[in-house]
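Trainee: Let me begin by handing over the structure; questions about it come next.
The values are calculated or read from the model by the stated rules, or taken from the named source; none is laboratory data. Quick caveat: nothing in here was measured; it's all calculated off a predicted structure. Here the Cβ is made from the backbone with ideal geometry for all residues, glycine too, and neighbour counts use every protein chain on show. SASA here: full protein model, heavy atoms, side chains in, ligands and nucleic acids out. Shrake-Rupley method; radii C 1.70, N 1.55, O 1.52, S 1.80 Å.
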Amino acid sequence: MNLHVKNAVVLRDLSRSFETKTVLDRISLDIPAGQFVTLLGESGSGKTTLLRALAGLDDDAETKGHYNTPENVSVLFQDSRLLPWKTVIDNVTLGLRRPDARTAAEQMLQDVGIGDKADVWPSTLSGGQKQRASLARSLLRAPELLLADEPFGALDALTRLKMQALLMRLVQHQKPTIILVTHDVDEALLLSDRILVLKDGSIAEDHAISLPHPRHEHHGELSLLRTKLLRSLGVEADTI
C-alpha cells in the first residue's frame with residue numbers, strides 16, 4: 001500500500017488475524033531508511049507475523065490497516081532455503097535478471113567468505129556456509145529493506161558471532177533498512193539502532209541505541225538496557 005512518506009517502512013493501525021485469533025493489534029510504526037531494527041518478544045507475541053506481513057506472505061491472514069514498504073525487499077530466513085539440485089552460485093543468482101549476474105554473484109560470495117564454493121552443491125556446505133550463501137543471495141539484490149527471521153538461530157555460538165560481524169560489515173556498505181527477528185537479547189544489543197519489544201501483538205517498548213559499531217556487550221548503556229529487556233521478557237538478568 002502506497003503512503004507518500006520519507007520513511008522506509010510505515011504502519012498505520014495494522015492488525016492481522018488468523019481465523020478468530022488476532023496476532024497483530026493495531027500497530028503504528030515509522031522506520032527511517034537505513035535503520036537497523038530488531039523485534040524482541042516472547043513466543044506468540046507477533047514478531048514473525050509482523051515480519052511476514054511486511055514481506056507480503058501469509059495470504060490467508062485477515063489484514064486491516066495500512067502499511068508501506070519499499071519496492072525492493074529481500075527476506076533472510078533461519079533455514080537457508082538453498083535448492084539442493086542447484087549449485088551455490090545458481091542458488092544465489094536464481095531469478096536475478098542482470099547481464100553481470102554471475103560476476104556479481106562471484107564477488108558477493110567472496111565478500112561473504114565462500115568464494116571457493118561457487119560451483120559446489122549445497123549439501124557439501126556447513127550450516128554457517130549455507131547461511132553465508134543465503135546472505136549473499138539476499139544482498140546481491142541490493143534490497144532497500146532486508147527482513148531477517150532469526151537467520152543465525154540454528155548456528156553454534158562461534159559461527160553466530162562471525163555471521164553477526166559479517167552482516168554488520170556488509171550492510172554498512174549497502175545501508176539497507178533491516179528488520180531482524182531474534183530471541184537473543186545480546187544479538188539485538190550488538191547489532192541494532194533500535195529495539196522494539198512486542199507483547200500480545202502490540203509494541204510494548206521502543207528503545208533507541210546510538211552507540212557506534214563495533215560494540216562491546218559490557219558497555220554500561222548496553223548492560224543497563226540488557227537487564228531491562230530481559231525483565232521485559234520474563235527473565236531476571238542475574239539468573240543467567
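Trainee: Leaving out ligands, DNA and RNA, what percent of the accessible area of region 4-145 is carbon and sulfur, probe 1.4 Å? If you can, show how the numbers build up before the last one.
Mentor: Values: 3220 of 7170 Å².
Here it works out to 45 percent.
Trainee: Right, something else. Could you please state how large a percent of the accessible area of region 154-240 is carbon and sulfur, counting protein chains only and using a 1.4 Å probe? Write out the running numbers ahead of the final one.
Mentor: On the way: 2550 of 4630 Å².
About 55 percent, which is the carbon plus sulfur part of the accessible surface.
Trainee: Also, quick follow-up: Ranked from the most accessible area to the least, with a 1.4 Å probe and all protein chains present, what is the order of Asp59, Asp90? List each step's numbers first, then the result.
Mentor: Values: Asp59 145, Asp90 70 Å².
From most accessible down to least: Asp59, Asp90.
Trainee: Could you point to the label whose value was computed as Kirkwood radius over Cα pairs in Å for the structure here, given [x] 18.7; [y] 21.3; [z] 20.3?
Mentor: Computing Kirkwood radius over Cα pairs in Å and matching it to [x] 18.7; [y] 21.3; [z] 20.3 gives [x].
Trainee: How far apart, in nm, are the 7 Å Cα→Cβ label points at Lys64 and Glu236?
Mentor: 4.0
Trainee: I would also like to ask the following. Net charge within 14 Å of Met108 by Cβ-Cβ distance, Lys/Arg positive one each and Asp/Glu negative one each, not counting Met108 itself? Provide the component values of the computation, followed by the final result.
Mentor: Numbers: positive: Arg98, Arg102, Lys117, Arg132, Arg137, Arg141, Arg169; negative: Asp90, Asp100, Glu106, Asp111, Asp116.
Taking every other residue near Met108 into account, the sum is +2.
Trainee: Sticking with the crude label model, points 7 Å out along Cα→Cβ, report the distance from Ala142 to Ala165 in nm, one decimal please.
Mentor: The modelled label-to-label distance comes out at 2.8 nm.
Trainee: Can you bin region 164-240 into rounded, prolate or oblate? Criterion: square roots of the alpha carbon gyration tensor eigenvalues sorted a ≥ b ≥ c, rounded for a/c under 1.5, prolate for a/b above b/c, oblate for the rest. Walk me through the numbers before you get to the answer.
Mentor: On the way: a/c = 2.10, a/b = 1.37, b/c = 1.53.
Because a/c hits 1.5 or more and a/b fails to exceed b/c, region 164-240 counts as oblate.
Trainee: Another question about this same structure. Which entries in the list Lys47/Lys162; Lys6/Lys130; Lys6/Lys64 go over 28 Å, if you measure between the two C-alpha atoms of each?
Mentor: Working: Lys47/Lys162 24 Å; Lys6/Lys130 35 Å; Lys6/Lys64 22 Å.
The pairs that break the limit, which is 28 Å between Cα atoms, are Lys6/Lys130.
Trainee: Please report the accessible area of Lys228 (heavy atoms, 1.4 Å probe, ligands and nucleic acids excluded) in Å², nearest 10.
Mentor: It works out to around 100 Å².
Trainee: Calculated FRET efficiency, Ser43 and His173, Cβ-Cβ r, R0 35 Å, to nearest 0.05? Provide the component values of the computation, followed by the final result.
Mentor: Values: r = 34 Å, r/R0 = 0.97.
E(calc), rounded to 0.05, equals 0.55.
Trainee: If you count, for each residue, the other Cβ atoms within 10 Å and average over each peptide, how do 121-130, 196-205 line up from highest to lowest? Show your work: numbers first, answer last.
Mentor: On the way: 121-130: 16.0, 196-205: 18.3.
Result, highest mean first: 196-205, 121-130.
Trainee: Here's a follow-up. Could you sort Arg102, Arg16 by accessible area so the largest value comes first, with the probe set to 1.4 Å?
Mentor: Details: Arg102 105, Arg16 15 Å².
From most accessible down to least: Arg102, Arg16.
Trainee: Using only the heavy atoms of the protein chains and a 1.4 Å probe, how would Glu71, Glu144 rank by accessible area, largest first? Let's see the in-between values first.
Mentor: On the way: Glu71 180, Glu144 95 Å².
Largest accessible area first, the residues go Glu71, Glu144.
Trainee: Suppose the chain between Leu96 and Thr20 were pulled fully straight at 0.36 nm per residue; how much longer would it get relative to their current alpha carbon spacing? Before the final figure, lay out each step's value.
Mentor: Numbers: separation 76, 0.36 × 76 = 27.36 nm, distance 3.90 nm.
My answer for the length gained is 23.5 nm.
Trainee: Between region 23-40 and region 91-135, what is the C-alpha centre distance in whole Å?
Mentor: Here the answer is 30 Å between Cα centres.
Trainee: Net charge within 14 Å of Lys6 by Cβ-Cβ distance, Lys/Arg positive one each and Asp/Glu negative one each, not counting Lys6 itself? Mind dumping the intermediate values first?
Mentor: Details: positive: none; negative: Asp30, Glu144.
Result for the neighbourhood of Lys6: -2.
Trainee: Taking only DSSP H segments of four or more residues, each worth -39500 (n - 2.57), what value at 222 nm results for the chain once the sum is divided by all its residues, to the nearest 500 deg cm²/dmol? Don't skip to the answer; put the middle values down first.
Mentor: Working: 7 runs with 77 residues, N = 240.
Estimated from H runs of four or more residues: -9500 deg cm²/dmol.
Trainee: How much accessible area per residue does the chain have, counting only protein heavy atoms and a probe of 1.4 Å, in square angstrom?
Mentor: Each residue of the chain exposes 51 Å² on average to a 1.4 Å probe.
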